[in-house]
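Below is one structure, written out as structure tokens, with a few remarks after it.
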Amino acid sequence: MEIFHRTSLAEELATHILDDDLAPASSGLFLGARRRIGKSTFLQQDLCPELRRRGAVVIYADLWDNRDRDPGDVIIDAIREELAHHEGVVLRFARAAGMEKVSVGGVSFTMDRVGLGREVSLSKALAMLSDESKRMIVLIVDEAQHALTTEKGSNSLYALKAARDRLNMGPHHGLRIVATGSNPDKLAVLVEWKDQAFFCAPLREFPAMGADYLRWLVGRAPTSAGLSIEFLDGLFQRSGCRPEWMQDGLSSIAYRNDWTEAEARRVFADTVESHAQMWVNKLLGMVGLLSPLQSAVLRVLAAQGQRFVPFWTRTMETYRLVIELDDGNEATEPINIQTVQEALETLRKKGFLWCSVHGAYALEEFGIKEALEEGGLLTESTKRVTRMGRHPALSAEAID
């Protein structure tokens, strides 16, 4: 399938990443964007080729496509795969291990010696790669927040920080870490928590596609359809800037060349709207199967974002408000640390939320919040906190 290339953005980011004079770039670059807006496609099809064109050694690790594996292993294996492509590095590893006579491709030295707690640390391995290639290394970790869901993944980030510090000083040629995530709240844990490896690294929003993309779509539509950028822009916003939905809209009118403008626009719009409604209805249907407490916890998390403190007394009272005021139910389930913990774990298993090994929570993806908003489930009660202490009568005075 033909894809839309974002050449200008790739050039801009490549300059930012590789420029030795930009101190923030050497700390790492974190890009937050909702899922399904073409971020991974851009990384693989535009940014990686541009970085390689400029001479960088590029290593790409996708933690989302490998969710059945420990994210730490995914990162380590991506580094090992790149190392194996450099004969000189393999020979240096082998000789460092006391193997003077080795043949590349043989069994005398295997890359599983490289990694966390192995004979060759990630920092040393990347330093050897830097020295051998005499080029800057750029490691791109897609959906990097998944690294925080396991101890090994979290430790791999500290190992990469050590490698970054080592390669950006002294005789080496530099290491840049580029990380992306589907929810800014999740990425924020990586750069805003002082105990994290990349504390204070720059976090910026990954830009959604704009007028250039819509112009590209117009150029691929039947001429008789009479599509315009102005018409498509509203639908693109309705789609949450998801190119897949817009591509389906284009496919729905591609089989004819004799559309009237009104017909083509109706069919295109109906296709996008159908996707939007199916997404919202599917998610709201899943929410409807949750227990009252699970539903309340999800909605409060969605409404409060980074301000969400799940086990705080005031938050417990907020759950009760949502159940009794918004839903009109009696809070028959006990609301305490244990039941809230159980609710959070259920929501994680059902794919509603993400949890780090450090106890930080965030929505699995931003689109969940939009669906809850469209369904009218994010009310003033979900956004507010009650006074400390016992829950009095559920009245306006109970809300700050």
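Roughly to the nearest percent, how much of the accessible area of the chain is carbon and sulfur, given a 1.4 Å probe? Let's see the in-between values first.
Values: 9080 of 18470 Å².
C and S atoms contribute 49 percent here.
Once Lys and Arg get +1 and Asp and Glu get -1 on their Cβ, which of Cys355, His275, Ser252 lies farthest toward the positive end of the dipole of the chain?
Cys355
Express in nm, to one decimal, how much length is gained between Asp65 and Ala84 on full extension, taking 0.36 nm for each residue of separation and deducting their alpha carbon distance.
Working: separation 19, 0.36 × 19 = 6.84 nm, distance 2.20 nm.
Roughly 4.6 nm would be gained on extension.
Would you mind working out the magnitude of the charge dipole of the chain relative to its Cα centre, with +1 at each Lys and Arg C-beta and -1 at each Asp and Glu C-beta, to the nearest 20 Debye?
Values: 47 positive and 56 negative charges, 184 e Å.
Taking the Cα centre of the chain as origin, the dipole is about 880 debye.
Skip the ligands, DNA and RNA, and give the accessible area per residue of the chain with a 1.4 Å probe, whole Å².
On the way: 18470 Å² over 400 residues.
Each residue of the chain exposes 46 Å² on average to a 1.4 Å probe.
How would you order 304-312, 130-138, 48-56 from highest to lowest mean count of nearby Cβ atoms within 10 Å? Intermediate results must be reported in sequence, preceding the final value.
Working: 304-312: 14.9, 130-138: 18.8, 48-56: 17.1.
Ranking the peptides 304-312, 130-138, 48-56 by packing returns 130-138, 48-56, 304-312.
When Lys and Arg each count +1 and Asp and Glu each count -1, what net charge do the other residues less than 12 Å away from Ser121, Cβ to Cβ, add up to?
Details: positive: Arg113, Arg118, Lys124, Arg166; negative: Glu119.
Taking every Cβ under 12 Å from that of Ser121, the sum is +3.
Expressed in nm to one decimal, what extension gain is obtained for the pair Glu273 and Thr7 from 0.36 nm per residue of sequence separation less their Cα-Cα distance? If you can, show how the numbers build up before the last one.
Working: separation 266, 0.36 × 266 = 95.76 nm, distance 2.96 nm.
Length difference between fully extended and current span is 92.8 nm.
Could you point to the residue in Ile137, Val178, Leu377 farthest towards the positive end of the chain's charge dipole, with +1 and -1 charges on the Cβ of Lys/Arg and Asp/Glu respectively?
Of the listed residues, the answer is Ile137.
Sorted by mean Cβ packing within 10 Å, highest first, what order do the peptides 278-287, 319-328, 120-129, 356-365 take? Write out the running numbers ahead of the final one.
Working: 278-287: 14.7, 319-328: 19.6, 120-129: 21.3, 356-365: 17.9.
Ranked by mean Cβ neighbours within 10 Å, highest first: 120-129, 319-328, 356-365, 278-287.
Taking +1 at the Cβ of each Lys and Arg and -1 at the Cβ of each Asp and Glu, which of Leu214, Cys241, Met169 sits farthest along the dipole of region 155-248 towards its positive end, judged by Cα position relative to the Cα centre?
Farthest towards the positive pole: Met169.
If the cut-off is a Cα-Cα distance under 13 Å, which aspartates and glutamates reach Lys383, setting aside same-chain residues fewer than 8 apart in sequence?
Excluding near neighbours in sequence, the set is Glu317, Asp326, Glu373, Asp400.
Report, in degrees rounded to the nearest 10, the 0 to 90 angle that the Cα long axis of helix 292-304 makes with the longest principal axis of the chain.
It works out to around 70 degrees.
I'd like the distance separating the alpha-carbon centroids of region 346-361 and region 195-222, in whole Å.
Spelled out, the Cα-based centre of one part sits 26 Å from the other.
Within 10 Å, count the other beta carbons around each residue, average over each peptide in 250-260, 6-16, 72-82, and list them highest first. List each step's numbers first, then the result.
Details: 250-260: 13.9, 6-16: 16.4, 72-82: 20.7.
My ranking of the peptides, most packed first, is 72-82, 6-16, 250-260.
Subtract the Cα-Cα distance of Gln45 and Asn281 from 0.36 nm times their separation in residues, and report this length gain in nm to one decimal.
Details: separation 236, 0.36 × 236 = 84.96 nm, distance 3.29 nm.
Full extension of this stretch gives 81.7 nm more.
May I ask for the angle, rounded to the nearest 10°, between helix 7-18 and the longest principal axis of the chain, with both axes built from Cα atoms and the value confined to 0 to 90°?
Relative to the chain, helix 7-18 is tipped by roughly 60 degrees.
Quick check: the angle from helix 229-238's long axis to the longest principal axis of the chain, C-alpha only, nearest 10 degrees?
The angle comes out at about 80 degrees.
Classify region 207-258 as rounded, prolate or oblate from the Cα gyration tensor: take a ≥ b ≥ c as the square roots of its eigenvalues, call it rounded if a/c is under 1.5, otherwise prolate when a/b beats b/c and oblate if not.
Numbers: a/c = 2.14, a/b = 1.64, b/c = 1.31.
The shape class here is prolate.
The values are calculated or read from the model by the stated rules, or taken from the named source; none is laboratory data. Because the structure is a prediction, the values reported are computed rather than measured. So basically every Cβ, Gly included, is an ideal-geometry build from the backbone, and we count neighbours across all protein chains shown. The accessibility values were calculated without ligands, DNA or RNA, using every heavy atom of the protein model including side chains. Shrake-Rupley method; radii C 1.70, N 1.55, O 1.52, S 1.80 Å.
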